[in-house]
Amino acid sequence: MVGALVKTLRPRQWVKNVFVLAALVFARHMLDVAYVWRAAAAFVAFCLVSGAVYTFNDVRDVEADRAHPTKKNRPIAAGLLSERAALTWAGALTAVALAGAAAVTPWLALVVAVYAAQNVAYSVKLKHVAFVDVGLIAAGFLLRVLAGAVAIGVPASWWLLACTALLALFFGLGKRAHELAWADKSGTATTTRAALAGYSLPVVRALMMVLGVATLAAYTAYTLDPRTVEFFGTPWLVLTSPFVAVGIVRFLMLALWQPTVAPPTDAMMRDPAFLAILVAASAAVLAIIYA
């Protein structure tokens with residue numbers, strides 16, 4: 001059962017929780033051990049609560065998952081983990097996440113609680129509403145950034161929040177575009193996700209293009225803002241903008257023009273080109289900020 005539970009918690013998806021560490025990095029506290037421990041605690045809390053959310057969602061979607069070509073292999077849908085045990089573990093993990101967050105600061109516990117409540121609403125009803133579902137996905141990333149900020153006691157930059165919101169909307173629409181493109185390419189139905197009926201692939205593609213440009217523009221504007229230059233003591237952060245541009249283009253290719261049965265967020269974490277861009281961009285940002 002342990003293996004089935006771990007698989008249900010989706011640990012490979014926890015990479016999304018690195019957004020919790022954004023405030024730590026851009027507030028220039030990455031080398032301060034006290035701040036690192038508080039940010040790490042927030043990261044772990046979000047890993048636990050996001051695992052609980054995935055588990056709850058799988059219980060809610062068990063019948064639909066059994067009709068899906070790949071989701072039918074998920075432990076709950078395959079009968080490897082009972083629904084009762086799954087819900088028990090989801091509740092326990094949420095309680096531990098909230099307790100751990102409260103030990104850091106009550107504000108962090110509040111953000112974690114809001115994230116959990118939002119995702120319950122998403123799983124129960126709102127994921128079936130086109131565009132509202134993507135908006136809630138983006139809100140989840142904003143809550144991650146806010147969690148990292150309150151954990152270390154620094155204000156979340158409006159630039160950081162704006163870039164996060166635009167990027168999250170871009171990725172969220174990319175997932176829907178991929179599902180539509182894959183259904184069109186493979187000739188399979190899209191009835192396994194009710195919200196897809198409210199999306200049109202040409203519209204989603206156009207919105208992704210706009211969001212991609214807006215994300216790049218917002219990040220570039222942030223790097224050129226006089227306050228950013230003053231805070232970091234260097235104007236060279238703008239040199240990381242090309243990495244953002246290339247990463248956006250690569251994601252568009254994976255989501256729209258090279259769709260596979262795997263979601264684009266999974267595909268990009270296995271794509272050598274995207275990983276190379278990510279590593280290079282991260283190294284450049286850290287070198288410029290902390291040199």
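The values are calculated or read from the model by the stated rules, or taken from the named source; none is laboratory data. Everything numeric here is computed off the predicted structure, so don't read it as measured data. A quick note on method: Cβ atoms are made from the backbone with ideal geometry, for glycine too, and the neighbour counts reach across all protein chains shown. To get the accessible areas, we keep the full protein, side chains included, count just its heavy atoms, and leave off ligands, DNA and RNA. Shrake-Rupley method; radii C 1.70, N 1.55, O 1.52, S 1.80 Å.
Please give the peptides 28-34, 59-65 ranked by average Cβ packing (other Cβ atoms within 10 Å per residue), highest first, as a rough proxy for protection. Write down the numbers at each step before the final one.
On the way: 28-34: 12.4, 59-65: 16.6.
Final packing ranking: 59-65, 28-34.
Number of Lys-Lys pairs in the chain under 24 Å by Cα, sequence gap 8 or more or different chains?
22
Quickly work out the W158-to-F131 label distance, labels modelled 7 Å from Cα along the C-beta direction, and quote it in nm with one decimal.
2.5
In the set (i) 61, 45, 41; (ii) 56, 45, 30; (iii) 46, 45, 38, which value of Cα extents along the principal axes in Å was calculated from the structure you see?
Only one listed value fits the structure, namely (ii).
Assuming R0 = 45 Å, can you tell me the calculated FRET efficiency for the pair T88 and V33, based on Cβ-Cβ distance, to the nearest 0.05?
Values: r = 36 Å, r/R0 = 0.80.
Here the calculated transfer efficiency is 0.80.
Over the chain, with the other protein chains present, what is the accessible area per residue in square angstrom, probe 1.4 angstrom? Before the final figure, lay out each step's value.
Values: 13810 Å² over 291 residues.
About 47 Å² of surface per residue is accessible.
Using a 1.4 Å probe over the heavy atoms of the protein chains, calculate the carbon and sulfur portion of the accessible area of the chain as a whole percent.
On the chain, the fraction of accessible area on carbon and sulfur atoms equals 72 percent.
Taking K and R as +1 and D and E as -1, what net charge do the other residues with C-beta under 15 Å from the C-beta of A101 add up to?
Working: positive: R38, R144; negative: none.
Summing Lys and Arg as +1 and Asp and Glu as -1 gives +2.
Once ligands and nucleic acids are excluded and a 1.4 Å probe is used, how much of M253 is accessible, expressed in Å² to the nearest 10?
About 70 Å², ignoring ligands and nucleic acids.
Could you please report the charge total around V6, scoring K, R as +1 and D, E as -1 over all other residues with beta-carbon less than 14 angstrom from its beta-carbon?
Neighbour charge sum, excluding V6 itself: +3.
In debye to the nearest 20, how big a dipole does the chain give about its Cα centre with +1 on each Lys and Arg Cβ and -1 on each Asp and Glu Cβ?
The calculation lands at about 460 debye.
How large is the dipole of region 30-77 about the Cα centre if only Lys and Arg carry +1 and Asp and Glu carry -1, each at its Cβ, rounded to the nearest 20 debye?
Dipole of region 30-77, to the nearest 20 debye: 140 debye.
Order the peptides 238-247, 108-117 from the highest to the lowest mean number of other Cβ atoms within 10 Å of their residues.
108-117, 238-247
Along the charge dipole of the chain, pointing to its positive end and built from +1/-1 on Cβ of Lys, Arg, Asp and Glu, which listed residue (M209, Q13, V44) has its Cα farthest out?
Positive-end residue among those listed: Q13.
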